[in-house]
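Report on the structure given below.
The values are calculated or read from the model by the stated rules, or taken from the named source; none is laboratory data. As the structure is a prediction and not an experimental result, all values here were calculated from the model. Cβ placement follows ideal geometry from the backbone for every residue including glycine, while neighbour counts extend to all protein chains displayed. We work out accessible area using only protein heavy atoms, side chains counted, and drop any ligands, DNA or RNA first. Shrake-Rupley method; radii C 1.70, N 1.55, O 1.52, S 1.80 Å.
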There are 2 protein chains.
Amino acid sequence: MINQYFLEMTKAPSVIRALSVYATERGKEIGYENVFDYSLGNPSVPVPEELTRAMDELLKEKTSSELHGYSPNPGNPESRKVTAAYLAKKYGIPYTMDHIFMTSGAAGALAHAFRCVVQEGDEILTFAPYFPEYQPYVNQTGATLKVVPANTETFQINFAAFEEMLNEKVQAVLINSPNNPSGIVYSEETIQKLADTLRAKEKEYGHEIFIISDEPYREIAFAGVEVPYVAKYYDNTLTCYSYSKSMSIPGERLGYVAANPTCKNAMDIVPMCCQISRGTGHNCPASMIQQAVARCIDKTSDLSVYETNMNILYKELVDLGFTVVKPGGTFYIFPKALEDDAKVFCEKAKKYDLILVPSDSFGVPGYFRMAYCVDTEKVERSVEALRRFVKEEYGR
Amino acid sequence: MINQYFLEMTKAPSVIRALSVYATERGKEIGYENVFDYSLGNPSVPVPEELTRAMDELLKEKTSSELHGYSPNPGNPESRKVTAAYLAKKYGIPYTMDHIFMTSGAAGALAHAFRCVVQEGDEILTFAPYFPEYQPYVNQTGATLKVVPANTETFQINFAAFEEMLNEKVQAVLINSPNNPSGIVYSEETIQKLADTLRAKEKEYGHEIFIISDEPYREIAFAGVEVPYVAKYYDNTLTCYSYSKSMSIPGERLGYVAANPTCKNAMDIVPMCCQISRGTGHNCPASMIQQAVARCIDKTSDLSVYETNMNILYKELVDLGFTVVKPGGTFYIFPKALEDDAKVFCEKAKKYDLILVPSDSFGVPGYFRMAYCVDTEKVERSVEALRRFVKEEYGR
């Protein structure tokens with residue numbers, strides 16, 4: 001018999017996907033260049049040319065089985081070595097390949113990290129606003145995701161609410177900085193306070209509480225903003241990474257789990273991920289992609305366009321009177337809507353071919369997300385639409 | 001706290017992997033060319049040249065986001081269309097892209113297919129000898145895998161034992177033909193009888209029983225052997241495929257689930273797989289690999305070497321007095337050991353640098369598997385070692 005749980009899930013539409021489909025359909029009517037589609041976080045800049053060159057070279061240099069043969073369970077050994085060396089040098093943490101498990105993007109990394117540290121009935125805490133996919137990611141692990149309400153002043157952590165929600169069942173805290181959807185980067189002070197709080201609670205409860213740090217936007221940080229590397233502040237950290245955004249290869253599905261060498265059971269994490277993988281059907285990202293990325297691991301796409309776009313939108317939103325916290329990174333901005341119901345606000349915006357995502361699924365009502373991974377020229381044209389929208393609908 | 005279940009799993013060594021590691025280590029001592037390593041099913045022939053050409057062309061022709069951007073959840077639309085058209089033409093079944101879900105190899109396909117049709121507490125039946133990874137694949141779904149004892153005369157299905165084990169909890173039957181490890185192809189008669197039996201039981205129990213057909217070796221069939229396409233015989237069939245063996249790309253992790261258009265909830269299977277994927281962290285195989293394979297879907301590697309190797313080994317094993325069923329496909333052969341304990345037999349073979357896998361983990365004691373995806377020249381040289389082994393250890 002068909003599994004009823006998954007069958008039911010197919011009937012719950014994704015708001016973001018529905019908006020993206022709408023944008024594509026609308027594009028067929030008026031030309032997609034005229035749809036100001038801020039719905040999806042799909043990188044708009046090309047891959048680093050070094051990556052394309054690496055793929056070309058691999059196709060020429062490697063034998064068929066070297067390039068396309070099985071990776072060992074934890075990933076291509078060279079890729080793991082290069083990743084460990086890169087992280088060790090950049091962050092001064094003595095990672096070796098034994099701490100690196102290659103995954104199918106950040107989604108694959110999170111799926112493994114969760115299963116390493118939770119069991120049926122446990123809780124994972126995360127902080128609003130948060131990436132809505134975290135819910136289905138956690139649901140299939142047997143644990144429950146609980147969401148700490150936002151600090152809407154700064155979108156840093158709301159520690160009062162956090163401490164109230166901490167309890168003995170909490171085995172992991174999931175953070176995402178630079179943050180989707182707010183674009184905020186957690187300050188060193190925030191990370192330090194989070195680490196201190198968790199260390200105290202670990203003692204009190206007599207068990208580890210892991211930080212699972214989802215860092216796909218680590219390289220997209222704007223002028224003057226330093227992204228603190230979480231594992232430097234807290235031993236029991238599993239870092240989940242994806243090359244989707246930094247190299248503009250979301251379709252190639254490459255990321256990793258990096259176990260902090262000082263975390264509990266540090267040398268067991270990668271072997272455990274291998275076992276988890278046997279049940280999820282994950283079994284390694286594509287060999288050729290692993291090898292190509294390893295050859296240019298310190299390169300990124302030209303990410304500067306995202307900052308350019310952010311500055312245009314931020315200035316305009318402020319000028320129009322929006323309440324908005326300035327993003328420190330990512331390609332998202334998360335302003336307060338001009339009426340309480342963000343869904344109504346975003347629905348009205350469609351009239352102006354502005355595709356905005358209402359914030360409800362991100363765990364904060366009354367806001368909206370713009371994913372500005374679009375051409376700057378389009379961002380500039382969208383300003384006019386935004387002005388008309390605000391004036392005609394809200395009289396500003 | 002670290003998950004104890006997965007931590008325990010890391011302590012159970014894999015027999016096949018241990019043998020493969022031993023073979024590699026031994027190779028460092030005497031030269032790997034002198035180790036007759038029949039441990040692993042890693043294809044030995046190069047990818048089709050059309051595949052390499054397709055990758056070259058894609059790198060030149062496609063924009064960065066066309067080639068490396070997100071695939072929609074069920075996979076690249078062109079890949080799904082091409083797959084459906086290929087299967088429709090080849091097997092006369094009206095598949096459309098709506099029936100095709102692209103996966104990370106057969107492991108990914110099986111992980112999704114299982115979750116589509118079982119729920120906590122259900123049973124899946126499979127037939128010995130069977131691929132040992134089926135156990136961890138099923139364990140994480142909440143269902144239980146039960147193994148029907150082998151028909152060791154022919155390695156077709158042992159129907160008497162099968163019918164005894166059928167019960168209302170059985171929601172799926174997992175088959176693998178051509179079979180790893182026996183190399184046997186289920187006859188049309190076997191498939192027909194299996195289908196008839198299940199149809200009767202579906203009526204009796206009042207719920208569907210799906211066949212999950214694991215078919216990574218479908219294209220590796222030897223002279224005169226026709227591999228029946230299971231979905232032609234039974235409506236409620238989910239076909240799980242991988243390009244790992246047919247195109248020699250096991251490291252690239254590409255396969256699919258094909259839902260028979262006549263199966264129950266046929267149009268829900270792909271959307272359900274998308275939902276399942278959100279929890280397992282699967283999220284599509286690599287975009288570039290999907291697109292490259294779609295351009296040469298009707299091509300295979302030169303698979304003839306496997307038949308050449310099989311004929312050499314089969315003749316020699318028969319000459320040496322082994323009880324062995326002649327394989328109809330794959331790159332495996334599964335003879336009876338010359339003593340009751342296959343582990344002892346395989347341990348003795350190591351002295352002759354013959355790396356053979358004892359059958360216990362395949363669900364049949366007293367046999368051994370040889371994976372003859374190795375160079376024919378090496379197979380020929382191994383014959384001498386096999387003769388010495390049998391003569392010196394067993395006096396034959």
Copies of A:Pro72 compared via label points 7 Å along Cα→Cβ give distances in nm, shortest first, of 4.0
SASA check, A:Asp340, accessible area w/ 1.4 Å probe, all protein chains in place, rounded to nearest 10 Å², comes out at 140 Å²
GNM of chain B, Cα pairs under 10 angstrom: of B:Leu87, B:Leu19, B:Leu51, the biggest fluctuation goes to B:Leu87
With a Förster distance of 35 angstrom and the Cβ-Cβ distance between A:Arg17 and A:His207, calculated FRET efficiency to the nearest 0.05 equals 0.40
Mean accessible area per residue over the range A:243-396 (1.4 angstrom probe, all protein chains present, square angstrom) is 32 Å²
Ignoring ligands and nucleic acids, A:Arg278 exposes an accessible area, probe 1.4 Å, in Å² to the nearest 10, of 50 Å²
In whole Hz, the Karplus estimates of ³J(HN,Hα) for the range A:131-136 (6.51, -1.76, 1.60; θ = phi - 60°; x where Gly or Pro) are 5, x, 5, 4, 5, x
Residues meeting the amide H criterion for B:Leu145 (H placed from the backbone, H to H distance under 5 Å, 5 or more places apart or on another chain) are B:Ile124
Taking a ≥ b ≥ c as the square roots of the Cα gyration tensor eigenvalues, with a/c under 1.5 meaning rounded and otherwise prolate when a/b beats b/c or oblate if not, the protein assembly as shown comes out prolate
Which of A:Ala195, A:Ala161, A:Ala12 fluctuates most in a GNM of chain A (C-alpha springs under 10 Å)? That residue is A:Ala12
So the pair-distance distribution of the range B:206-282, from every Cα-Cα distance in 5 Å bins, comes to percents of 3, 14, 19, 21, 20, 14, 6, 3, 1
Of B:Glu189, B:Glu215, A:Glu204, ordered by accessible area with the largest first and a 1.4 Å probe, the sequence is B:Glu189, A:Glu204, B:Glu215
For chain B, the longest principal axis of the Cα atoms and the Cα long axis of helix B:49-61 enclose an angle in degrees, to the nearest 10, of 40 degrees
Placing each pseudo-label 7 Å from Cα in the direction of the beta carbon, A:Glu377 and A:Lys326 end up separated by a distance in nanometres of 2.9 nm
In the range B:157-206 the accessible area split gives carbon plus sulfur, as whole percent at 1.4 Å, a share of 43 percent
Comparing each residue of the range A:50-82 in the complete protein assembly with the chain by itself (heavy atoms, probe 1.4 Å, ligands and nucleic acids ignored), those losing at least 40 Å² of accessible area are A:Met55, A:Leu59, A:Ser64, A:His68, A:Tyr70
Rounded to the nearest 100 Å², the accessible area buried between B and A, both sides, probe 1.4 Å, is 5800 Å²
Copies of A:Lys326 compared via label points 7 Å along Cα→Cβ give distances in nm, shortest first, of 8.0
GNM on chain B, Cα springs under 10 Å; top mean-square fluctuation among B:Tyr372, B:Tyr229, B:Tyr91 goes to B:Tyr91
If one compares the long axis through the Cα atoms of helix A:266-280 with the longest principal axis of the Cα atoms of chain A, the angle in degrees, nearest 10, works out at 70 degrees
Set A:Lys169/A:Lys336; A:Lys201/A:Lys264; B:Lys28/B:Lys299, cut-off 24 Å on Cα-Cα distance; pairs above it are A:Lys169/A:Lys336; B:Lys28/B:Lys299
For the range A:334-396, shape from the Cα gyration tensor axes a ≥ b ≥ c, cut at a/c of 1.5 then a/b versus b/c, turns out oblate
For chain A, the longest principal axis of the Cα atoms and the Cα long axis of helix A:105-117 enclose an angle in degrees, to the nearest 10, of 60 degrees
Excluding residues fewer than 8 positions from A:Lys11 in its own chain, the aspartates and glutamates with Cα under 13 Å of it are B:Asp268
Here FRET efficiency (C-beta to C-beta, B:Lys146 to B:Met267, R₀ 25 Å, nearest 0.05) is 0.25
Heads up, the range A:145-277 by the C-alpha gyration tensor (a ≥ b ≥ c square roots of eigenvalues; a/c under 1.5 rounded, else a/b over b/c prolate, else oblate) looks oblate
Cross-link reach from B:Lys89 to aspartates and glutamates, straight Cα distance under 14 Å and at least 8 residues apart if same chain, gives B:Asp298
Mean separation of Cα contacts under 8 Å (at least 6 apart) over the residue count of chain A, i.e. the relative contact order in percent, is 24 percent
For B:Lys62, counting only lysines whose alpha-carbon sits under 20 Å away and dropping same-chain residues fewer than eight positions off, the answer is A:Lys60, A:Lys245, B:Lys81
Rounded to whole angstrom, the alpha-carbon centroid of the range B:180-201 lies from that of the range B:1-47 at a distance of 32 Å
